[in-house]
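The values are calculated or read from the model by the stated rules, or taken from the named source; none is laboratory data. What you are looking at is a predicted structure, and each value in this text was computed from that prediction instead of being measured. Every residue, glycine among them, receives a Cβ derived from its backbone with ideal geometry; neighbour counts consider all protein chains shown. In case anyone asks, the SASA skips ligands and DNA or RNA and just uses the protein heavy atoms, side chains included. Shrake-Rupley method; radii C 1.70, N 1.55, O 1.52, S 1.80 Å.
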Amino acid sequence: MHILSIDQSTSGTKVLLVNKEGQIIYKKAMNHKQYYAQPGWVEHNPIEIYQCVKKLVNESMTEINEKEIVSISITNQRETVVVWDRETGQPIYNAIVWQCRRTSDLCEKLKVDGYEEVVQAKTGLRIDPYFSATKVQWILQNVEGAKKKAEQGSLLFGTIDSWLIWNLTGGKVHATDYSNASRTLLFNIHSLQWDQELLDIFSIPNQMLPEVRSSNVNFGYINDDSVCIKGLPISGVIGDSQAALFGQRCLEAGMAKATYGTGTSVMIYTGDLIEGKNGLVTSVAWGIGNRVEYGLEGIINTTGDIMKWMKEDLRLFTDLEEVSEAASSINSNEGVYLIPAFVGLGAPYWYPQAKAAIVGMTRGTNRSHLIRAGLESIAYQVTDVIQLIEEESGISIKELRVDGGATSNKFLMQYQADMLNNKVKVSRMSDLSALGSAYLAGLFAGIWGSLEELKGLYQHTEDFQPKMPAAMRKNYYTGWKHHIHSMISC
(Lines give C-alpha, C1' and ligand atoms only; values in the text may rest on other atoms or scores of the structure.)
Protein backbone atom coordinates (compact mmCIF):
# COMPACT_ATOMS: atom_id res chain seq x y z
CA MET A 1 0.00 0.00 0.00
CA HIS A 2 1.27 3.46 -0.95
CA ILE A 3 0.29 7.12 -0.68
CA LEU A 4 0.78 9.41 -3.67
CA SER A 5 1.74 12.76 -2.15
CA ILE A 6 1.41 16.04 -4.06
CA ASP A 7 3.68 18.75 -2.64
CA GLN A 8 2.79 22.07 -4.28
CA SER A 9 5.27 24.70 -3.11
CA THR A 10 6.23 28.27 -3.96
CA SER A 11 8.84 27.38 -6.54
CA GLY A 12 7.41 24.19 -7.98
CA THR A 13 5.56 20.93 -7.54
CA LYS A 14 6.73 17.50 -6.43
CA VAL A 15 4.93 14.19 -6.57
CA LEU A 16 6.19 11.44 -4.28
CA LEU A 17 5.28 7.84 -3.50
CA VAL A 18 5.41 6.89 0.19
CA ASN A 19 5.31 3.26 1.32
CA LYS A 20 3.97 1.78 4.56
CA GLU A 21 7.42 2.06 6.16
CA GLY A 22 7.19 5.82 5.70
CA GLN A 23 9.90 5.82 3.02
CA ILE A 24 9.87 7.87 -0.16
CA ILE A 25 10.40 5.41 -3.01
CA TYR A 26 9.83 7.81 -5.92
CA LYS A 27 10.03 11.56 -6.43
CA LYS A 28 9.82 13.85 -9.40
CA ALA A 29 9.56 17.64 -9.54
CA MET A 30 8.75 20.49 -11.92
CA ASN A 31 9.21 24.22 -11.41
CA HIS A 32 6.67 26.83 -12.43
CA LYS A 33 7.20 30.42 -13.47
CA GLN A 34 7.36 33.29 -10.97
CA TYR A 35 5.76 36.55 -12.10
CA TYR A 36 6.98 39.90 -10.72
CA ALA A 37 4.73 42.45 -12.43
CA GLN A 38 5.83 45.26 -10.12
CA PRO A 39 8.34 45.60 -7.27
CA GLY A 40 7.02 43.60 -4.31
CA TRP A 41 4.38 41.78 -6.39
CA VAL A 42 4.60 38.00 -6.76
CA GLU A 43 2.19 35.88 -8.81
CA HIS A 44 1.78 32.34 -10.16
CA ASN A 45 -0.30 30.99 -13.01
CA PRO A 46 -2.73 28.57 -11.33
CA ILE A 47 -3.45 26.77 -14.61
CA GLU A 48 0.28 26.12 -15.05
CA ILE A 49 0.43 24.76 -11.50
CA TYR A 50 -2.41 22.33 -12.14
CA GLN A 51 -0.88 21.22 -15.44
CA CYS A 52 2.36 20.45 -13.58
CA VAL A 53 0.44 18.43 -10.98
CA LYS A 54 -1.33 16.37 -13.64
CA LYS A 55 1.84 15.72 -15.59
CA LEU A 56 3.74 14.56 -12.51
CA VAL A 57 0.89 12.37 -11.26
CA ASN A 58 0.55 10.68 -14.64
CA GLU A 59 4.29 10.14 -14.94
CA SER A 60 4.41 8.55 -11.49
CA MET A 61 2.09 5.79 -12.68
CA THR A 62 4.94 4.38 -14.79
CA GLU A 63 6.68 3.54 -11.50
CA ILE A 64 3.92 1.68 -9.66
CA ASN A 65 0.70 -0.21 -10.21
CA GLU A 66 -2.28 2.08 -9.62
CA LYS A 67 -3.86 -0.62 -7.45
CA GLU A 68 -1.02 -0.16 -4.95
CA ILE A 69 -2.12 3.42 -4.20
CA VAL A 70 -4.78 3.82 -1.52
CA SER A 71 -5.01 7.62 -1.33
CA ILE A 72 -3.65 10.89 -2.69
CA SER A 73 -2.46 13.56 -0.25
CA ILE A 74 -1.92 17.28 -0.82
CA THR A 75 0.37 19.71 0.97
CA ASN A 76 0.65 23.23 -0.34
CA GLN A 77 2.17 26.67 -0.13
CA ARG A 78 -0.04 28.49 2.32
CA GLU A 79 -1.77 31.91 2.07
CA THR A 80 -1.40 31.99 -1.74
CA VAL A 81 -4.88 32.57 -3.19
CA VAL A 82 -6.80 31.81 -6.35
CA VAL A 83 -10.17 33.26 -7.35
CA TRP A 84 -11.96 31.39 -10.11
CA ASP A 85 -15.29 31.24 -11.93
CA ARG A 86 -17.65 28.60 -10.54
CA GLU A 87 -19.06 27.74 -13.98
CA THR A 88 -16.02 27.82 -16.23
CA GLY A 89 -13.40 26.80 -13.65
CA GLN A 90 -11.11 29.53 -15.02
CA PRO A 91 -9.12 31.85 -12.71
CA ILE A 92 -10.08 35.49 -13.07
CA TYR A 93 -6.55 36.58 -12.13
CA ASN A 94 -3.20 34.98 -11.42
CA ALA A 95 -2.66 33.40 -8.00
CA ILE A 96 -1.36 36.06 -5.61
CA VAL A 97 1.53 34.51 -3.68
CA TRP A 98 2.09 34.67 0.08
CA GLN A 99 5.25 36.72 -0.55
CA CYS A 100 3.37 39.46 -2.40
CA ARG A 101 3.33 42.86 -0.67
CA ARG A 102 0.88 44.71 -2.92
CA THR A 103 -1.70 45.01 -0.13
CA SER A 104 0.63 46.71 2.37
CA ASP A 105 -1.26 50.01 2.16
CA LEU A 106 -4.60 48.22 2.49
CA CYS A 107 -3.34 46.47 5.62
CA GLU A 108 -2.14 49.73 7.11
CA LYS A 109 -5.55 51.32 6.50
CA LEU A 110 -7.30 48.42 8.24
CA LYS A 111 -5.00 48.90 11.22
CA VAL A 112 -5.65 52.64 11.31
CA ASP A 113 -9.38 51.90 11.17
CA GLY A 114 -8.97 49.89 14.36
CA TYR A 115 -9.47 46.32 13.13
CA GLU A 116 -6.19 44.70 14.20
CA GLU A 117 -7.28 43.78 17.72
CA VAL A 118 -10.46 41.96 16.69
CA VAL A 119 -8.72 40.22 13.78
CA GLN A 120 -5.88 38.98 15.95
CA ALA A 121 -8.23 37.89 18.74
CA LYS A 122 -10.30 35.78 16.36
CA THR A 123 -7.65 34.44 13.97
CA GLY A 124 -4.42 34.37 15.99
CA LEU A 125 -2.82 36.32 13.11
CA ARG A 126 -1.77 39.89 12.46
CA ILE A 127 -3.17 42.05 9.68
CA ASP A 128 -0.36 41.66 7.16
CA PRO A 129 -0.05 41.25 3.36
CA TYR A 130 1.42 37.79 4.02
CA PHE A 131 -2.03 36.34 4.76
CA SER A 132 -4.84 35.65 2.31
CA ALA A 133 -7.74 38.00 3.02
CA THR A 134 -6.40 41.25 1.59
CA LYS A 135 -5.17 39.40 -1.51
CA VAL A 136 -8.74 38.27 -2.22
CA GLN A 137 -9.99 41.76 -1.42
CA TRP A 138 -7.51 43.24 -3.91
CA ILE A 139 -8.67 40.89 -6.68
CA LEU A 140 -12.33 41.76 -6.06
CA GLN A 141 -11.51 45.48 -6.12
CA ASN A 142 -9.23 45.46 -9.16
CA VAL A 143 -10.58 42.86 -11.61
CA GLU A 144 -13.46 44.32 -13.62
CA GLY A 145 -16.82 42.88 -12.58
CA ALA A 146 -15.32 40.60 -9.94
CA LYS A 147 -17.07 42.13 -6.93
CA LYS A 148 -20.51 41.82 -8.52
CA LYS A 149 -19.89 38.24 -9.64
CA ALA A 150 -18.66 37.30 -6.16
CA GLU A 151 -21.81 38.73 -4.57
CA GLN A 152 -23.91 36.74 -7.05
CA GLY A 153 -22.14 33.53 -6.05
CA SER A 154 -20.37 33.10 -9.40
CA LEU A 155 -16.82 33.19 -8.01
CA LEU A 156 -14.96 30.86 -5.67
CA PHE A 157 -11.91 31.57 -3.56
CA GLY A 158 -9.38 29.14 -2.19
CA THR A 159 -5.81 28.53 -1.23
CA ILE A 160 -3.82 26.22 -3.52
CA ASP A 161 -5.14 23.05 -1.86
CA SER A 162 -8.72 24.10 -2.67
CA TRP A 163 -7.76 24.92 -6.26
CA LEU A 164 -6.21 21.47 -6.73
CA ILE A 165 -9.10 19.63 -5.03
CA TRP A 166 -11.63 21.49 -7.19
CA ASN A 167 -9.80 20.52 -10.38
CA LEU A 168 -8.93 16.95 -9.40
CA THR A 169 -12.55 16.23 -8.44
CA GLY A 170 -13.85 17.73 -11.68
CA GLY A 171 -15.39 20.70 -9.89
CA LYS A 172 -17.41 18.55 -7.50
CA VAL A 173 -15.66 19.55 -4.24
CA HIS A 174 -14.81 23.01 -2.95
CA ALA A 175 -13.03 22.39 0.35
CA THR A 176 -9.98 23.12 2.45
CA ASP A 177 -8.63 21.89 5.77
CA TYR A 178 -8.36 23.60 9.15
CA SER A 179 -4.65 24.37 8.79
CA ASN A 180 -5.07 26.28 5.53
CA ALA A 181 -8.28 27.99 6.62
CA SER A 182 -6.50 29.27 9.73
CA ARG A 183 -4.05 31.24 7.55
CA THR A 184 -6.60 33.37 5.70
CA LEU A 185 -7.55 36.01 8.33
CA LEU A 186 -11.16 34.91 7.78
CA PHE A 187 -11.35 31.84 10.04
CA ASN A 188 -12.15 31.97 13.74
CA ILE A 189 -9.71 29.55 15.40
CA HIS A 190 -11.85 29.43 18.56
CA SER A 191 -15.21 28.59 17.00
CA LEU A 192 -13.52 26.76 14.06
CA GLN A 193 -15.77 28.47 11.53
CA TRP A 194 -15.58 31.16 8.89
CA ASP A 195 -16.40 34.38 10.71
CA GLN A 196 -18.98 36.79 9.28
CA GLU A 197 -17.50 39.81 11.08
CA LEU A 198 -14.12 39.09 9.50
CA LEU A 199 -15.70 38.60 6.08
CA ASP A 200 -17.37 41.99 6.47
CA ILE A 201 -14.10 43.67 7.48
CA PHE A 202 -12.40 42.40 4.31
CA SER A 203 -15.50 42.78 2.10
CA ILE A 204 -15.50 39.14 0.99
CA PRO A 205 -18.85 37.43 0.26
CA ASN A 206 -19.27 34.14 2.12
CA GLN A 207 -20.55 32.46 -1.07
CA MET A 208 -16.91 32.26 -2.21
CA LEU A 209 -15.64 30.17 0.71
CA PRO A 210 -14.67 26.49 0.72
CA GLU A 211 -15.99 23.98 3.24
CA VAL A 212 -13.50 23.37 6.07
CA ARG A 213 -12.65 19.78 7.02
CA SER A 214 -10.20 17.85 9.18
CA SER A 215 -6.89 17.02 7.52
CA ASN A 216 -7.30 13.24 7.52
CA VAL A 217 -10.82 12.84 6.11
CA ASN A 218 -12.02 12.09 2.59
CA PHE A 219 -12.00 15.25 0.45
CA GLY A 220 -13.50 13.56 -2.60
CA TYR A 221 -12.39 11.36 -5.49
CA ILE A 222 -10.28 11.98 -8.58
CA ASN A 223 -12.70 12.80 -11.40
CA ASP A 224 -10.56 14.42 -14.09
CA ASP A 225 -10.39 12.38 -17.31
CA SER A 226 -6.87 13.68 -18.01
CA VAL A 227 -5.57 12.19 -14.75
CA CYS A 228 -4.91 8.47 -15.10
CA ILE A 229 -5.95 7.44 -11.57
CA LYS A 230 -9.64 8.31 -11.50
CA GLY A 231 -11.63 7.20 -8.49
CA LEU A 232 -8.89 7.42 -5.87
CA PRO A 233 -9.74 9.32 -2.66
CA ILE A 234 -8.00 12.56 -1.65
CA SER A 235 -7.00 12.84 2.01
CA GLY A 236 -4.09 14.20 4.05
CA VAL A 237 -4.74 17.83 3.05
CA ILE A 238 -2.62 20.24 5.09
CA GLY A 239 -0.56 23.44 4.69
CA ASP A 240 3.13 22.83 4.13
CA SER A 241 4.49 24.14 7.42
CA GLN A 242 2.01 22.22 9.53
CA ALA A 243 2.66 19.18 7.33
CA ALA A 244 6.38 19.43 8.10
CA LEU A 245 5.60 19.67 11.83
CA PHE A 246 3.57 16.48 11.52
CA GLY A 247 6.19 14.87 9.28
CA GLN A 248 8.84 15.62 11.91
CA ARG A 249 6.45 13.93 14.34
CA CYS A 250 6.42 16.88 16.68
CA LEU A 251 3.43 15.47 18.51
CA GLU A 252 4.26 16.50 22.07
CA ALA A 253 3.98 20.02 23.47
CA GLY A 254 7.25 21.90 23.12
CA MET A 255 8.57 19.98 20.10
CA ALA A 256 9.70 22.42 17.40
CA LYS A 257 10.71 22.39 13.77
CA ALA A 258 11.99 24.78 11.13
CA THR A 259 11.40 24.26 7.42
CA TYR A 260 14.00 25.99 5.25
CA GLY A 261 12.25 26.73 1.97
CA THR A 262 11.87 29.96 -0.01
CA GLY A 263 11.03 31.42 3.38
CA THR A 264 11.13 29.62 6.70
CA SER A 265 8.39 28.65 9.10
CA VAL A 266 9.50 28.00 12.67
CA MET A 267 6.73 26.24 14.54
CA ILE A 268 6.24 24.71 17.96
CA TYR A 269 3.45 22.23 18.64
CA THR A 270 1.42 23.36 21.64
CA GLY A 271 -1.63 21.10 21.39
CA ASP A 272 -3.87 23.56 23.18
CA LEU A 273 -4.41 27.08 21.90
CA ILE A 274 -1.77 29.53 23.17
CA GLU A 275 -2.16 33.13 22.08
CA GLY A 276 0.76 34.44 20.06
CA LYS A 277 2.06 37.93 20.80
CA ASN A 278 4.96 40.20 19.82
CA GLY A 279 5.38 38.82 16.32
CA LEU A 280 4.26 35.21 16.75
CA VAL A 281 1.04 33.87 15.28
CA THR A 282 -1.25 31.12 16.49
CA SER A 283 -2.43 28.60 13.92
CA VAL A 284 -4.33 25.38 13.76
CA ALA A 285 -1.68 22.67 13.46
CA TRP A 286 -4.10 20.08 12.08
CA GLY A 287 -7.43 18.45 12.59
CA ILE A 288 -7.49 14.70 13.10
CA GLY A 289 -10.91 13.16 13.41
CA ASN A 290 -12.89 15.29 15.83
CA ARG A 291 -9.88 16.96 17.48
CA VAL A 292 -8.19 20.18 16.37
CA GLU A 293 -4.73 21.00 17.71
CA TYR A 294 -2.64 24.16 17.62
CA GLY A 295 0.85 25.54 17.21
CA LEU A 296 2.76 28.79 17.64
CA GLU A 297 4.65 29.99 14.59
CA GLY A 298 7.18 32.57 13.57
CA ILE A 299 7.21 33.37 9.86
CA ILE A 300 10.41 34.40 8.08
CA ASN A 301 9.76 35.84 4.63
CA THR A 302 13.11 35.17 2.97
CA THR A 303 15.66 32.41 3.66
CA GLY A 304 16.28 29.90 0.86
CA ASP A 305 15.39 32.58 -1.67
CA ILE A 306 18.55 34.41 -0.56
CA MET A 307 20.70 31.71 -2.10
CA LYS A 308 18.56 31.63 -5.24
CA TRP A 309 19.07 35.39 -5.59
CA MET A 310 22.82 35.06 -5.12
CA LYS A 311 23.01 32.25 -7.66
CA GLU A 312 20.65 33.49 -10.37
CA ASP A 313 20.84 37.27 -10.10
CA LEU A 314 24.25 38.03 -8.61
CA ARG A 315 25.84 34.92 -10.18
CA LEU A 316 28.10 34.45 -7.15
CA PHE A 317 28.15 30.69 -7.68
CA THR A 318 26.88 28.10 -10.14
CA ASP A 319 26.63 25.06 -7.87
CA LEU A 320 25.34 24.92 -4.31
CA GLU A 321 28.36 22.83 -3.34
CA GLU A 322 30.44 26.00 -3.75
CA VAL A 323 28.48 27.77 -1.03
CA SER A 324 29.86 26.03 2.06
CA GLU A 325 33.37 26.16 0.64
CA ALA A 326 33.14 29.91 0.06
CA ALA A 327 31.64 30.60 3.50
CA SER A 328 34.28 28.49 5.24
CA SER A 329 37.16 30.06 3.33
CA ILE A 330 37.13 33.13 5.62
CA ASN A 331 37.60 32.99 9.39
CA SER A 332 34.81 35.43 10.25
CA ASN A 333 32.17 37.57 8.61
CA GLU A 334 34.42 40.62 9.18
CA GLY A 335 31.38 42.70 10.07
CA VAL A 336 29.48 42.07 6.82
CA TYR A 337 25.75 41.41 7.29
CA LEU A 338 22.92 40.86 4.83
CA ILE A 339 19.45 42.06 5.88
CA PRO A 340 17.29 39.97 3.49
CA ALA A 341 14.17 42.13 3.55
CA PHE A 342 13.37 41.58 -0.13
CA VAL A 343 9.65 41.36 0.72
CA GLY A 344 9.80 43.08 4.10
CA LEU A 345 10.60 41.50 7.44
CA GLY A 346 8.39 38.88 9.09
CA ALA A 347 8.60 37.63 12.67
CA PRO A 348 9.49 38.97 15.14
CA TYR A 349 9.64 42.40 13.48
CA TRP A 350 6.65 42.44 11.10
CA TYR A 351 8.01 45.38 9.16
CA PRO A 352 6.63 45.00 5.61
CA GLN A 353 8.14 48.29 4.41
CA ALA A 354 11.72 47.16 5.09
CA LYS A 355 14.12 46.91 2.14
CA ALA A 356 17.05 44.54 1.82
CA ALA A 357 20.54 45.80 2.58
CA ILE A 358 24.15 44.66 2.78
CA VAL A 359 26.00 46.49 5.54
CA GLY A 360 29.52 46.57 6.92
CA MET A 361 31.36 46.23 3.62
CA THR A 362 34.92 47.46 3.09
CA ARG A 363 37.14 47.47 0.01
CA GLY A 364 38.30 44.02 1.12
CA THR A 365 34.79 42.54 0.96
CA ASN A 366 34.54 39.84 -1.68
CA ARG A 367 32.29 37.06 -2.98
CA SER A 368 32.94 34.83 0.04
CA HIS A 369 31.82 37.52 2.48
CA LEU A 370 28.55 38.01 0.62
CA ILE A 371 27.82 34.28 0.46
CA ARG A 372 28.64 33.87 4.12
CA ALA A 373 26.47 36.86 5.03
CA GLY A 374 23.57 35.25 3.16
CA LEU A 375 23.91 31.96 5.04
CA GLU A 376 24.36 33.69 8.38
CA SER A 377 21.25 35.80 7.85
CA ILE A 378 19.17 32.62 7.65
CA ALA A 379 20.53 31.40 10.99
CA TYR A 380 20.06 34.77 12.67
CA GLN A 381 16.42 35.00 11.61
CA VAL A 382 15.63 31.50 12.88
CA THR A 383 17.37 32.34 16.16
CA ASP A 384 15.24 35.48 16.49
CA VAL A 385 12.09 33.41 16.23
CA ILE A 386 13.18 30.55 18.51
CA GLN A 387 14.06 33.01 21.25
CA LEU A 388 10.66 34.66 20.89
CA ILE A 389 8.83 31.30 20.95
CA GLU A 390 10.57 30.34 24.18
CA GLU A 391 9.69 33.68 25.76
CA GLU A 392 6.06 33.56 24.62
CA SER A 393 5.31 29.92 25.43
CA GLY A 394 7.44 29.57 28.55
CA ILE A 395 8.74 26.31 27.07
CA SER A 396 12.44 25.59 26.63
CA ILE A 397 13.06 23.88 23.31
CA LYS A 398 15.46 20.99 23.81
CA GLU A 399 16.35 20.67 20.12
CA LEU A 400 15.30 22.06 16.76
CA ARG A 401 14.20 19.57 14.12
CA VAL A 402 14.86 20.95 10.66
CA ASP A 403 14.08 20.09 7.06
CA GLY A 404 14.10 21.65 3.62
CA GLY A 405 16.64 22.20 0.88
CA ALA A 406 19.01 24.48 2.80
CA THR A 407 19.60 21.84 5.48
CA SER A 408 22.06 20.13 3.12
CA ASN A 409 24.44 23.05 3.75
CA LYS A 410 26.66 21.93 6.63
CA PHE A 411 28.07 25.41 7.25
CA LEU A 412 24.56 26.77 7.75
CA MET A 413 23.46 23.93 10.01
CA GLN A 414 26.53 24.25 12.22
CA TYR A 415 26.14 28.01 12.38
CA GLN A 416 22.48 27.53 13.28
CA ALA A 417 23.40 25.24 16.18
CA ASP A 418 26.03 27.77 17.29
CA MET A 419 23.62 30.72 17.23
CA LEU A 420 20.94 28.78 19.09
CA ASN A 421 23.45 27.19 21.45
CA ASN A 422 21.31 24.11 21.03
CA LYS A 423 21.19 20.86 19.08
CA VAL A 424 19.95 21.04 15.48
CA LYS A 425 18.58 17.73 14.23
CA VAL A 426 18.60 17.50 10.43
CA SER A 427 16.26 15.01 8.83
CA ARG A 428 17.91 13.20 5.95
CA MET A 429 14.45 12.71 4.49
CA SER A 430 14.20 16.18 3.06
CA ASP A 431 10.56 16.18 1.98
CA LEU A 432 8.93 16.41 5.39
CA SER A 433 5.87 18.33 4.20
CA ALA A 434 5.07 15.61 1.69
CA LEU A 435 5.66 12.95 4.34
CA GLY A 436 3.43 14.74 6.85
CA SER A 437 0.50 14.88 4.43
CA ALA A 438 1.14 11.25 3.46
CA TYR A 439 1.08 10.20 7.13
CA LEU A 440 -2.32 11.88 7.54
CA ALA A 441 -3.66 10.19 4.41
CA GLY A 442 -2.25 6.90 5.69
CA LEU A 443 -4.17 7.33 8.95
CA PHE A 444 -7.34 7.82 6.87
CA ALA A 445 -6.59 4.77 4.69
CA GLY A 446 -5.57 2.49 7.56
CA ILE A 447 -1.90 2.09 6.58
CA TRP A 448 -1.03 3.29 10.08
CA GLY A 449 -3.38 2.67 12.95
CA SER A 450 -2.35 5.39 15.38
CA LEU A 451 -0.06 8.33 16.11
CA GLU A 452 2.05 6.02 18.26
CA GLU A 453 2.68 3.83 15.25
CA LEU A 454 3.78 6.87 13.25
CA LYS A 455 6.21 7.86 16.00
CA GLY A 456 7.90 4.49 15.60
CA LEU A 457 8.74 4.94 11.91
CA TYR A 458 12.49 5.27 11.42
CA GLN A 459 14.00 8.50 10.14
CA HIS A 460 17.73 9.00 9.69
CA THR A 461 19.03 12.29 11.08
CA GLU A 462 22.32 14.14 11.34
CA ASP A 463 22.87 16.09 14.54
CA PHE A 464 24.79 19.36 14.89
CA GLN A 465 25.95 20.38 18.36
CA PRO A 466 26.98 23.98 19.24
CA LYS A 467 30.74 24.54 19.16
CA MET A 468 31.21 28.31 19.04
CA PRO A 469 32.59 30.09 22.14
CA ALA A 470 29.95 32.14 23.95
CA ALA A 471 31.75 35.46 23.45
CA MET A 472 32.02 34.94 19.69
CA ARG A 473 28.35 33.92 19.47
CA LYS A 474 27.30 37.04 21.35
CA ASN A 475 29.45 39.27 19.14
CA TYR A 476 28.01 37.94 15.88
CA TYR A 477 24.41 38.00 17.05
CA THR A 478 24.71 41.45 18.63
CA GLY A 479 25.93 42.78 15.27
CA TRP A 480 22.88 41.33 13.56
CA LYS A 481 20.45 42.84 16.06
CA HIS A 482 22.17 46.22 15.85
CA HIS A 483 21.75 46.43 12.06
CA ILE A 484 18.14 45.20 12.17
CA HIS A 485 17.11 47.77 14.79
CA SER A 486 18.96 50.50 12.94
CA MET A 487 16.88 49.72 9.85
CA ILE A 488 13.58 49.64 11.76
CA SER A 489 14.27 52.89 13.59
CA CYS A 490 15.03 54.83 10.40
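Magnitude of the charge dipole for region 207-339, about its Cα centre and with charges confined to Cβ atoms of Lys, Arg (+1) and Asp, Glu (-1), is about 420 debye. Ranked by the mean number of other Cβ atoms within 10 Å per residue, highest first, peptides 12-18, 321-327 order as 12-18, 321-327. The aspartates and glutamates whose alpha-carbon is closer than 14 Å to the alpha-carbon of Lys467, local same-chain residues fewer than 8 away aside, are Asp418. Pairs exceeding 21 Å between alpha-carbon atoms, taken from Lys14/Lys55; Lys28/Lys425; Lys257/Lys277; Lys308/Lys474; Lys67/Lys230: Lys28/Lys425; Lys308/Lys474. Listed here are the pairs Lys423/Lys481; Lys147/Lys355; Lys20/Lys410; which of them are more than 28 Å apart at the Cα? Cα-Cα > 28 Å for Lys147/Lys355; Lys20/Lys410; rest within.
Rounded to the nearest 0.05, what FRET efficiency is calculated for Ile488 and Glu252 with R0 set to 30 Å and r the Cβ-Cβ distance? Once the sixth-power term is evaluated, E becomes 0.25. When you filter the trypsin sites (Lys or Arg not before Pro) in region 366-413 for DSSP loop state and at most 15 other Cβ atoms inside 10 Å of their Cβ, you are left with Lys398. For region 69-83, the Karplus equation 6.51 cos²θ - 1.76 cosθ + 1.60, evaluated at θ = phi - 60°, returns couplings of 8, 9, 6, 10, 10, 9, 10, 8, 4, 8, 6, 5, 10, 10, 10 Hz by residue, with Gly and Pro reported as x.
Note that the chain presents 38 Å² accessible area per residue, ligands and nucleic acids not counted, probe 1.4 Å. If you roll a 1.4 Å probe over region 38-152 with all protein chains in place, what percent of the accessible area is carbon or sulfur? Roughly 45 percent, rounded to a whole number. With K and R counted +1 and D and E -1, the other residues having a Cβ less than 13 Å from that of Asn76 yield a net charge of -2. Note on Ser191 and Lys67: their simple-model spin labels are 5.0 nm apart, each label 7 Å out from Cα toward Cβ.
Averaging the Cα positions of each part gives two centres, and for region 81-98 and region 234-252 these lie 26 Å apart.
Using only side-chain charges placed at the Cβ, +1 for Lys and Arg and -1 for Asp and Glu, the dipole size of the chain relative to its Cα centre rounds to 660 debye.
The spacing between region 383-421 and region 294-365, judged by their C-alpha centroids, is 16 Å.
Return the FRET efficiency for the residue pair Ser11, Lys474: r is the Cβ-Cβ distance, R0 is 30 Å, and the value is rounded to the nearest 0.05. Computed FRET efficiency for Ser11 and Lys474 comes out at 0.25. A simple count of charges around Leu388, restricted to other residues whose Cβ falls under 11 Å of its Cβ and scoring Lys, Arg +1 and Asp, Glu -1, yields -4. For region 434-461 and region 124-140, what is the separation of their Cα centres, given in Å? When both Cα centres are located, 33 Å separates them. Between Lys423 and Leu400, the built amide H atoms are under 5 Å apart, and every one of these is 5 or more places off in sequence or on another chain. Out of the DSSP beta bridges found with both residues in the chain, what percent are antiparallel (nearest 5)? Antiparallel: roughly 70 percent of the beta bridges in the chain. With contacts taken as Cα pairs under 8 Å at a separation of at least 6 residues, the chain carries a relative contact order of 15 percent. Averaged over residues, the count of other Cβ atoms within 10 Å places the peptides 422-428, 257-263, 446-452 in the sequence 257-263, 422-428, 446-452, highest first. Approximating the spin labels as points 7 Å out from Cα along Cα→Cβ, the Glu325-to-Glu390 distance works out to 3.6 nm. Summing charges over all other residues whose Cβ lies under 11 Å from the Cβ of Asp403, with Lys and Arg as +1 and Asp and Glu as -1, gives +2.
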